[in-house]
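Nothing in this text is a laboratory measurement; each read-out follows from the coordinates by a stated rule. No experiment lies behind these values; they were computed from the predicted model shown. Cβ coordinates were reconstructed from backbone atoms using ideal geometry, including for glycine residues, and neighbour counts include every protein chain displayed.
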Amino acid sequence: MEIDGVELLENGQVISADKHHALADKFRGTNKIKPFFFNFEVRQYNPNAKYTIRAQVRSVGGTDSNGNFTFNLSPYQPFTVAEPR
């Protein structure tokens, strides 16, 4: 899947964006640069707000694509929760 940028929305308004192009493929070797990581800076977190991630994507070489989306609230803390598939 090709990703042409990702936005973070707070209550429907874009508050941060990472517009780099990336290819999310099935290879996850540790020696490969991982351009499919997108980063956002949240200057004022509102615990009562609804946060949404919006990505511009397209499949590569076909019309069907699937996978997982994961996120981390801090680059210094490991994942602690995963939603079921």
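The distance between label points at TYR45 and ALA17 comes to 2.4 nm (points 7 Å beyond Cα on the Cα→Cβ vector).
So, counting K/R as plus one and D/E as minus one, what does the shell of residues with Cβ under 13 Å around ARG54 add up to?
-2
For VAL60 and GLU2, the difference between the fully extended length at 0.36 nm per residue and the C-alpha to C-alpha distance is 20.2 nm.
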